[in-house]
Amino acid sequence: MSYLVLARKSRPQTFAQVVGQKPIVRTLQNGLLQTRVPHALIFSGVRGTGKTTLARIMAKAINCEQGPPPEPCNECRSCKEIMAGSSVDLHEVDGASNRGIQEIRELKENIRFMPTSSKFKIIIIDEVHMLTTEAFNALLKTLEEPPEHVYFMFATTELHKVPVTILSRCQRYELKRVVHAELAAHFASLAQQEGISIDEAALNMVVREAGGSVRDGLSLLDQVFSYCGENVTGEEVADVLGLVSHEVIADLARALLAKDLSAALNNLDKVYSYGMDIKRFINELLAWFRSLVVCSVSQDPARLLDLPADELALLQEVVAAYSSQTLFMMFNLLLEGLEKAAFSARPRFAVEMTFIRAVQVDDVVPVTDLLTRLDDVLAGVALPQQQVVAPQARQSIPSPQVTPQTSRQINQQIPQSDRGKGSTGPSAAQAAQATQSRGDRPVAPTVTEKKSIPNLNR
Ligand SMILES: [Zn+2]
């Protein structure tokens with residue numbers, strides 16, 4: 001009995017089937033339609049995002065006998081040969097094991113001859129960054145002026161290791177990690193094709209573990225399908241992949257923020273009883289706090305975090321109750337403590353101590369709040385004095401409204417009345433005027449008023 005793993009069974013055979021990478025697919029298809037395909041292309045990106053797949057689809061489309069359509073027909077002899085891996089004009093070279101100058105010389109010798117049964121010879125070099133410097137140098141001249149009948153396609157996970165001289169001779173395509181929603185939709189449709197029902201929690205866990213790589217996700221899905229049979233649930237996925245459900249992490253985070261140490265320690269115990277790897281747990285907890293911080297400071301957290309809607313709602317609910325400063329401080333505290341724990345001989349103890357420290361720290365009050373409070377306090381000091389002044393003024397002056405105008409009149413009196421005492425009148429008047437010009441505090445400094453009002457009575 002031979003079983004074909006999902007990653008191979010579901011490998012896209014047309015551009016339309018490629019998961020994610022829409023801008024790249026569009027550029028490639030437009031190139032085919034306008035016959036503007038360069039003779040050297042390089043695909044880069046994290047593992048399992050479709051670099052080799054795109055190179056193979058491109059190879060089929062270039063050699064397809066049904067003319068140059070934007071999609072390979074998958075029906076003609078050339079397409080079928082490429083799909084079966086038997087095309088003599090498609091050379092797939094593993095750059096990791098054929099990295100020397102000798103292999104490149106042989107390749108160059110080979111491409112001197114015209115294609116045997118197709119329109120073009122196509123060379124796909126996977127993991128091209130593994131080639132030696134000499135091998136790269138041997139390629140330079142060929143890439144600069146490639147023969148008309150040859151197309152080069154390179155794939156690499158480490159673009160920075162490819163010499164600039166090579167890069168400048170290729171058209172570059174940088175593949176992105178596939179976003180959560182696209183991966184989830186793809187995996188759900190695969191499960192359906194396999195006749196397996198998978199619940200949303202399970203799907204989200206697999207997608208999260210895949211980290212944007214289609215192939216990683218498919219390998220996990222294979223494992224999950226074998227373990228769970230026809231009905232896949234979140235708990236089973238957590239079991240088989242050694243994960244804890246996100247609710248436990250969320251509960252723990254909430255307990256820490258609410259300074260509920262016993263709940264936090266209980267949740268930690270739960271994590272241990274699940275048998276979850278401590279480093280993984282630490283990563284998940286830090287990731288959760290990072291998401292909280294991002295949620296609290298970002299205008300568009302959905303795009304930055306790429307999480308399912310229910311998880312985002314859960315985060316936003318927590319974020320609403322705390323200031324971003326508190327969340328940031330908590331993140332920093334945990335980052336420091338948990339990183340130490342990850343390398344400790346007794347990580348659980350270290351994690352527990354970090355939790356204790358975290359719940360003992362008080363909420364952070366933003367500096368702006370403190371300044372506002374300080375302003376209030378200052379305003380509060382001034383007010384009682386004004387209230388004292390006002391009745392006095394009312395008794396002595398017929399219409400004693402303490403307005404900016406009266407205070408200006410009052411202050412104009414100061415130079416005369418205080419001249420004998422040697423006080424600097426103009427500066428007091430300036431102070432009063434400065435206060436008026438602020439506008440937000442209608443009543444001028446009370447000290448000068450107190451001095452001047454009795455003078456007016458004399
Ligand atoms: Zn074809």
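Tabulated data for the structure shown
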read-out: Criterion (open to solvent by less than 30 Å² (accessible area, probe 1.4 Å) and either in contact with a His (Cβ under 7 Å, 6 or more places away or on another chain) or over 19 Å from Y151 (Cβ atoms) (or both)) met by exactly one of P12, P23; value: P12
read-out: Conditions (1) open to solvent by 10 Å² or more (accessible area, probe 1.4 Å); (2) part of a loop (DSSP other than H, G, I, E, B); (3) more than 16 Å from the ligand (Cβ to nearest atom); number of the one not met by T53; value: (2)
read-out: Residue list for the stretch 263-320, filter: part of a helix (DSSP H, G or I) and among the hydroxyl-bearing types (S, T, Y); value: Y272, S273, S291, S296
read-out: Answer from G31, G48 - the residue that is more than 13 Å from the ligand (Cβ to nearest atom) and within 25 Å of L218 (Cα to Cα); value: G48
read-out: Subset tally (residues that are assigned to a helix (DSSP H, G or I) and over 19 Å from I42 (Cβ atoms)) for the stretch 1-21; value: 6
read-out: Residue that is most open to solvent (accessible area, probe 1.4 Å), among those in the stretch 180-225 that are of a type in the set (D, E, K, R) and under 14 Å from V240 (Cα atoms); value: E209
read-out: Residue check for L256: surrounded by 15 or more Cβ atoms within 10 Å (Cβ to Cβ), in contact (Cβ under 8 Å) with a residue 24 or more places away in the chain and out of contact with any His (no Cβ under 6 Å at 6 or more places or on another chain); value: yes
read-out: Matching residues, the stretch 216-238, being assigned to a helix (DSSP H, G or I) and farther than 12 Å from L203 by Cα; value: D216, S219, D222, Q223, S226, Y227, C228
read-out: Residue in the stretch 263-270 that is closer than 17 Å to N204 by Cβ and buried (at least 18 other Cβ atoms within 10 Å of the Cβ) present; value: no
read-out: Subset tally (residues that are out of contact with any Ser or Thr (no Cβ under 8 Å at 6 or more places or on another chain), farther than 21 Å from L203 by Cβ and not in a strand (DSSP E or B)) for the stretch 159-186; value: 9
read-out: Single residue of the stretch 86-118 satisfying the filter (without any contact (Cβ under 8 Å) to a residue 12 or more places away in the chain and open to solvent by 80 Å² or more (accessible area, probe 1.4 Å)) that is farthest from the ligand (Cβ to nearest atom); value: Q102
read-out: Hits in the stretch 271-300 (condition: open to solvent by 50 Å² or more (accessible area, probe 1.4 Å), among the charged types (D, E, K, R) and in contact (Cβ under 8 Å) with a residue 40 or more places away in the chain); value: K279, R290
read-out: Count - residues of the stretch 119-141 that are open to solvent by 40 Å² or more (accessible area, probe 1.4 Å) and aromatic (F, W, Y); value: 1
read-out: Residue match in the stretch 323-330 (condition: modelled with pLDDT under 90, over 28 Å from L252 (Cα atoms) and part of a helix (DSSP H, G or I)); value: no
read-out: Candidate set: the stretch 67-85, residues that are under 26 Å from T157 (Cα atoms) and exposed (fewer than 15 other Cβ atoms within 10 Å of the Cβ); chosen: the one nearest to the ligand (Cβ to nearest atom); value: A84
read-out: Residue list for the stretch 26-50, filter: open to solvent by less than 30 Å² (accessible area, probe 1.4 Å), in contact (Cβ under 8 Å) with a residue 40 or more places away in the chain and not aliphatic (A, V, I, L, M); value: F43, S44, G45, G48, T49, G50
read-out: The one condition in (1) more than 9 Å from the ligand (Cβ to nearest atom); (2) under 38 Å from the mean Cα position of the chain (by Cα); (3) buried (at least 20 other Cβ atoms within 10 Å of the Cβ) that K60 fails to fulfil; value: (1)
read-out: Output for the stretch 301-322, where each listed residue is in contact (Cβ under 8 Å) with a residue 24 or more places away in the chain and open to solvent by less than 40 Å² (accessible area, probe 1.4 Å); value: P308, E311, L315, V318, V319
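The values are calculated or read from the model by the stated rules, or taken from the named source; none is laboratory data. What you see is a predicted model; the values in this text were computed from it and never measured. Backbone-built Cβ (ideal geometry, glycine too); neighbour counts: all protein chains shown. Each accessible area value is taken on the protein alone, full model and side chains, heavy atoms only, with ligands, DNA and RNA left out. Shrake-Rupley method; radii C 1.70, N 1.55, O 1.52, S 1.80 Å.
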